[in-house]
Each structure stands twice: as C-alpha cells, then as structure tokens.
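The structure appears below as structure tokens.
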Amino acid sequence: MNHLLSGYTVLDFTHFLAGPACTRLMAELGADIIKVESPSGDATRNMPFSKNGRSGYFVQQNRGKKSISIDLRSSEGLEIIKSLLPKVDVLIENFSPGTMSRLGIGWEEVRKINPRVVMCSVSTFGQTGPLSKLVGYDPIGQAFAGITDLIGEKDGPPCYPMFSLGDTLTGAHAFGAINASLLYRERSGKGQYLDISILDCYFHHHDLSPQIVSLSERALVPTRNGRMHFTLAPTGIFRGKKRYMFIVALEHQWPDFCRVINKEELIKDQRFIDNAARVDNVEELVEEIESWIRSMPDDDAAITALMEGRIPVAPVLSITEAMDHPHLVERGTIRTISDRVLPDFEVPGCPLRFSEFPEPLELEAPFLGEHNRDVLEHLLGFSEEKIKTLEESGVLSTESKTS
C-alpha cells in the first residue's frame, strides 16, 4: 500500500473547487482518481495564475488524478462511463442537481450497474428543497446560511471573505462521508447515495448563534460586530503599533490575562467583573488592552508576553507572512510542488496526518485527456484501433503535454 486509500478507484465528475477538494484529499491518501472532463476541460484549467498556458489553480486542486476527456453527450461516451462503473468504488459529481440523471447516469441507473458503489453528489443547495434547482457557488451558500451577515463592521455592510471556506470544507465533509460509507460497505456489502451541500455545511459551522436565537425565542439575534466577538470579551482583533493581533481571554483566563498585561486591578473592576460586564463595556476594555500594547517596546514583545503567559494570541498575518512562517513550513502546511510545465511553486499541504504514512505522496496534475488510453486499455480492454476511432470521432479528446 502506498497510502490509506490505495486500491480504491474513484470516478470523478467534479470541477471548480468543492468536489475537487474532496477528491484531492482522496488522491493524497493514495486513491486512484479518474477525473472525467468534457472536451473543453475543467474550467479551472483557465483560471489564474497561469504560466506557459498552465493554471496553478488547476494543478493545486487536481494533483494525483488521471484525466479522461469524454463527450458525455455522445452514446459512445455514455457507454464508456457505464462500462467503467463496475470497476470503481466511488462516483462523485458536482453538477447541478438533475444533470447526472439527464445524462443517463443518475443514482438509480448507477446502482443497477454497481450496487456496491458509493455515489456522492456535491451541490450548493442539495438535491432536494425549494432552492435545489438554483445555480450557486460558495458565497451564495454562505449568504443563505446566515454567515455573511455576521462578517463586517457593526454598522457597516457585510464583507466578502477572500477565501473559499465553504467549498473546501464541503469537500472535507464529502470526504468524511465517503470514507464512512466505504467502511459501511466493507461491513454490509452495500453502496449508497450521498447528498452533500455547501449550504448545509456552512450552516454546520455556526457555533453560538442558532441556539441563542432559538432559546431566546428570536429575542436575541447575533449580528456582525466588527473586530470584537459579540458575546465573549476580550475576544477579538486588537490594534498594535504596526500590526493587528487576535487575542482570546475566556472567563477562566481573565485573571491571568490581567496579570500578564500588568493591570491586576481590572480583575475586580466592576466594569469587567464577568464576561457579561466586559461585553457591555467592551469599548473601555479595548482601550485598556490597547493602551498596554502601546506601552510595550513593540508588537512582538506584546505577543510574546501573552504567549508566555499562556494567553491565546496570534499576529494577524498576511498570506505572504503565513506562507513564510517557520511553523507552517516545518509541518508541511505550506509545501513546494513540482509540475511538468510550471516552475516549482507553493501550495497548501495535506492537512491529514497519519503515523503509518508520514510522508506525502509525490503527485502530478494531468493534462486534459492524458489518461484516455491508460484507463480504457487497462480497465476496459479497449484496443488501440478502437481508441483511435473514438479520438477521430471526437468522443475522446486530448491536449498537448507542452501546451
């Protein structure tokens, strides 16, 4: 075994991010991923940043996968997919709901061909419900989940976060569901269908808000609160001399926090006597804390003092600073990869760590249709002549490896 999922084969109809994030994790664990692309290819093959006609975004999300490029609208293309179904353990797709059925490979058809297969559909809103037929992406699911409304200044508009939390964590939720289903299949012999949505996963990230709203019978509704947490203090982003820092001091940490910042008198100050009082007087509390930060030689000294006092604190790093941070580098949280076209570049590493498989696999991203012959010859026994005929008729497509 190369890794945990070696020997499992995945038929991957995903594109953009949520679905590919799932199969990227599976590839990192050794699964054989057969990425099915249209003749025009995954749209992310053209997304920035590109060099020499090759997209770093595509490479980052699709390393370790094989690419077959098939015209699924053709009867020959559909028959190829149906012939592959008995050979795979997992089928994953993130088309709009209903697309796979219209193509002739919906769950009812798939399970007839391979009753042991685990089929996973990833979508913005899910396969059922009033919103299910709408087109959507990560930020659309975020907005419907009540997440976007909580981001931004208290009296200002909501803000748009510059990262794809929903897509990647939906991919991780799908990854977990698929692996649990494979475990169930090992015990029962049965495959099953999974319906994973960005909206469901986004709402799953709420911690305090739903139960507060529900138990207060809608009387208390959390809102965005700028730099500070709406119901915990001190918890938020504090201004230093040259940078911002995130500080968290919960109820049990409050006395130690006051001692660290040399303001032990605040422990029994009635304005800050408990969390509720500190939330009510948060502006005065922020000034007390930021005045201490300003009194320190520099921001690093303030951060170091808090760390040494066991108070949770972090500098608010830029993406460049995070990529260069020794901790992220040492753990492989950021890693350098090689590609056949692009120069070596840095991408997020695999966040999953296993004692039996401590080293990451060396993976490479495919060219469009690069593995047509490999997959069709070895899994389906197609002859060279049959593959050539399919290429000439446009059922199969390939791109130049130097494009």
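The values are calculated or read from the model by the stated rules, or taken from the named source; none is laboratory data. These numbers come from a predicted model, not from an experiment. Cβ: placed from backbone, ideal geometry, glycine included. Neighbour counts: every protein chain shown. These accessible areas exclude ligands, DNA and RNA; they are computed on the full protein's heavy atoms, side chains included. Shrake-Rupley method; radii C 1.70, N 1.55, O 1.52, S 1.80 Å.
Name every residue in segment 319-353 that is in contact with a helix residue (DSSP H, G or I) (Cβ under 7 Å, 6 or more places away or on another chain) and open to solvent by less than 80 Å² (accessible area, probe 1.4 Å), in order of residue number. Full working, then the answer.
Kept after step one, since they are in contact with a helix residue (DSSP H, G or I) (Cβ under 7 Å, 6 or more places away or on another chain), are these residues of segment 319-353: 322, 328, 334, 339, 342, 345-347, 350, 352.
Passing the criteria: Ala322, Leu328, Ile334, Asp339, Leu342, Phe345, Val347, Cys350, Leu352.
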Picking from Phe125, Phe144, Phe95, the residue that is touching a Ser or Thr at 6+ places or on another chain (Cβ under 6 Å) and either among the aliphatic types (A, V, I, L, M) or in contact (Cβ under 8 Å) with a residue 40 or more places away in the chain (or both) would be Phe125
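In segment 80-118, what residues are assigned to a loop (DSSP other than H, G, I, E, B) and either charged (D, E, K, R) or under 24 Å from Phe16 (Cα atoms) (or both)? Before the answer, list the steps.
Our first condition is that a residue be assigned to a loop (DSSP other than H, G, I, E, B); within segment 80-118, this holds for 88-89, 94-98, 104-106, 114-117.
Within segment 80-118, Val88, Asp89, Asn94, Phe95, Ser96, Pro97, Gly98, Gly104, Ile105, Gly106, Arg116, Val117 qualify.
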Scanning segment 234-250 for residues that are over 15 Å from Glu308 (Cα atoms) and touching a Leu at 6+ places or on another chain (Cβ under 9 Å), the one surrounded by the most Cβ atoms within 10 Å (Cβ to Cβ) turns out to be Pro234
The correct count of residues that are of a type in the set (D, E, K, R), over 16 Å from Val248 (Cα atoms) and not in a helix (DSSP H, G or I) in segment 269-282 is 1
*Evaluate segment 64-87: report whether one residue or more is under 27 Å from Pro139 (Cβ atoms), open to solvent by less than 10 Å² (accessible area, probe 1.4 Å) and either in contact with a strand residue (DSSP E or B) (Cβ under 9 Å, 6 or more places away or on another chain) or polar (S, T, N, Q) (or both).*
yes
Counting only residues in segment 158-190 that are touching a Phe, Trp or Tyr at 6+ places or on another chain (Cβ under 9 Å) and not hydroxyl-bearing (Ser, Thr, Tyr), the one farthest from Ala18 (Cα to Cα) is identified as Lys190
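Taking helices (runs of 4 or more DSSP H) that fall entirely within segment 154-258, which contain at least 3 residues that are under 24 Å from Ile319 (Cβ atoms)?
Numbers: elements: 165-188, 198-204, 209-215.
The helices (runs of 4 or more DSSP H) meeting that bar are 165-188, 198-204.
Search segment 205-220 for residues being under 28 Å from the mean Cα position of the chain (by Cα) and surrounded by 12 or more Cβ atoms within 10 Å (Cβ to Cβ), and hand back the single one that is nearest to Glu321 (Cα to Cα).
We begin by selecting, within segment 205-220, every residue under 28 Å from the mean Cα position of the chain (by Cα); these are 205-213.
Right, trim to surrounded by 12 or more Cβ atoms within 10 Å (Cβ to Cβ) and you get 205-206, 208-210, 212-213.
Values: His205: 26, His206: 28, Leu208: 31, Ser209: 32, Pro210: 35, Ile212: 36, Val213: 38 Å.
Top of the filtered list is His205.
Picking from Leu306, Leu266, Leu285, Leu317, which residue would you name as being part of a loop (DSSP other than H, G, I, E, B) and hydrophobic (A, V, I, L, M, F, W, C)?
Answer to the selection: Leu317.
Within segment 121-129, can one find any residue that is within 26 Å of Lys190 (Cα to Cα), open to solvent by 80 Å² or more (accessible area, probe 1.4 Å) and either part of a loop (DSSP other than H, G, I, E, B) or among the polar types (S, T, N, Q) (or both)?
Here is the first cut: in segment 121-129, the residues within 26 Å of Lys190 (Cα to Cα) are 121-123, 126-128.
After this cut, where a residue has to be open to solvent by 80 Å² or more (accessible area, probe 1.4 Å) as well, the list is 128.
Still in the list and also either part of a loop (DSSP other than H, G, I, E, B) or among the polar types (S, T, N, Q) (or both): 128.
Within segment 121-129, one or more residues are within 26 Å of Lys190 (Cα to Cα), open to solvent by 80 Å² or more (accessible area, probe 1.4 Å) and either part of a loop (DSSP other than H, G, I, E, B) or among the polar types (S, T, N, Q) (or both).
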